[in-house]
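Colleague: Structure below; questions to follow.
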Amino acid sequence: MEQGVDEGCQTFDHVLFVPTVVTAGLKHAADGYQAVGGGVAANAAVAVSRLGGSSILASCVGDDPAGRAVLDGLADEHVDTHFVRRVVSTATPCSTIVVSPDGARTVFNHTPADLFDRPCLPLDHRRINVVLTDCRWPAGTQSALRHAHDHGVPCVVDVDRRIADPETRR
């Protein structure tokens, strides 16, 4: 069976819904909360699966409860996680997302600096007919795009906005 591979970031998200616009420096009460898997590549893999397609996620998670929760959630969505690398003694990326009444999102993310230093696991060219990459994992992106090029597989690159804080850019 042919499948698409989604390469890049996944996160464990804490989503807070607030009834008013957030003002920096003040305490706010949320009127809703969800804990969900997220990240550009993981969300794309889930979307493909929900639309009846077959998808594979290539990413990294920490060997922690959040990583296990992300993998369990992806399994529930029928996403193949064979190419997700579990990194020992490292935390899984997580985000807190504050959603205001108008739907605007403010995202705070923590991704361990060394989690995505490794290339993605070798991809199986017999199973992959398209590659999507989110560029959040440079070593993985390079591996996935090289695989796509070497095997004549089309690829889609999702280029996200730049991170506002220059100290957190890599």
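Colleague: Assuming R0 = 35 Å, can you tell me the calculated FRET efficiency for the pair R85 and R105, based on Cβ-Cβ distance, to the nearest 0.05?
Modeller: The computed FRET efficiency comes out at 0.80.
Colleague: Please work out the C-alpha center-to-center distance from region 6-22 to region 86-159 and express it in whole Å.
Modeller: 16
Colleague: Now for a different question. In percent, how large is the relative contact order of region 61-110, given Cα pairs closer than 8 Å and 6 or more residues apart?
Modeller: So the answer I get is 39 percent.
Colleague: Here's a follow-up. What's the magnitude of the charge dipole for region 26-89 around its Cα centre, counting Lys and Arg as +1 and Asp and Glu as -1 at the beta-carbon? Answer in Debye, nearest 20.
Modeller: 140
Colleague: I've got another one for you. Assign unit charges at the C-beta atoms only (+1 for Lys and Arg, -1 for Asp and Glu), then state the dipole size of the chain relative to its Cα centre in Debye, rounded to the nearest 20.
Modeller: 240
Colleague: Also, quick follow-up: Enumerate by residue number the trypsin sites (Lys or Arg not before Pro) in region 4-112 meeting two conditions: DSSP loop (anything except H, G, I, E, B), and at most 15 other Cβ atoms within 10 Å of the site's Cβ.
Modeller: K27
Colleague: Taking only DSSP H segments of four or more residues, each worth -39500 (n - 2.57), what value at 222 nm results for the chain once the sum is divided by all its residues, to the nearest 500 deg cm²/dmol?
Modeller: Helices in the chain give a 222 nm mean residue ellipticity of -6500 deg cm²/dmol.
Colleague: So for the pair D63, H78, with labels modelled 7 Å out along Cα→Cβ, what separation do we get in nm?
Modeller: So the two model labels end up 3.2 nm from each other.
Colleague: Could you tell me the relative contact order of region 1-135? Use alpha-carbon pairs under 8 Å, at least six residues apart, and round to a whole percent.
Modeller: In percent, rounded to a whole number, it is 34.
Colleague: While we're on this one: Taking the simple approach of a point 7 Å from Cα along Cα-to-Cβ for both L26 and A113, what is their distance in nm?
Modeller: 3.6
Colleague: So how far apart, in nm, are the two label points at V157 and D124 if each is 7 Å from Cα heading toward Cβ?
Modeller: 2.8
Colleague: A further question on this structure: List the GluC sites (Glu not before Pro) in region 1-78 that DSSP assigns to loop (not H, G, I, E or B) and whose Cβ has at most 13 other Cβ atoms within 10 Å. Which are they?
Modeller: Answer by residue number: E2.
Colleague: In addition: Can you tell which of A91, A144, A104 shows the greatest fluctuation in a Gaussian network model of the chain with Cα springs below 10 Å?
Modeller: Between A91, A144, A104, it is A104 that shows the largest mean-square fluctuation.
Colleague: Could you tell me which label, among (i) 32.2, 118; (ii) 23.2, 69; (iii) 16.7, 54, carries the value of Rg and Dmax of the Cα atoms in Å calculated for this structure?
Modeller: (iii)
Colleague: Now a separate question. If you roll a 1.4 Å probe over the heavy atoms of the protein chains, what accessible area per residue do you get for the chain, in Å²?
Modeller: 57
Colleague: Work out the charge dipole of region 71-141 with +1 on the Cβ of Lys and Arg and -1 on the Cβ of Asp and Glu about the Cα centre, then indicate which of T133, L71, T106 is farthest towards its positive end.
Modeller: Selected residue: T133.
The values are calculated or read from the model by the stated rules, or taken from the named source; none is laboratory data. A quick note: this is a predicted structure, and the numbers were derived from the prediction, not measured. Quick reminder, even Gly has a Cβ in these numbers, built from the backbone with ideal geometry, and neighbours come from all protein chains shown. Side chains are part of the model used for accessible areas, which takes the heavy atoms of the whole protein and leaves out ligands, DNA and RNA. Shrake-Rupley method; radii C 1.70, N 1.55, O 1.52, S 1.80 Å.
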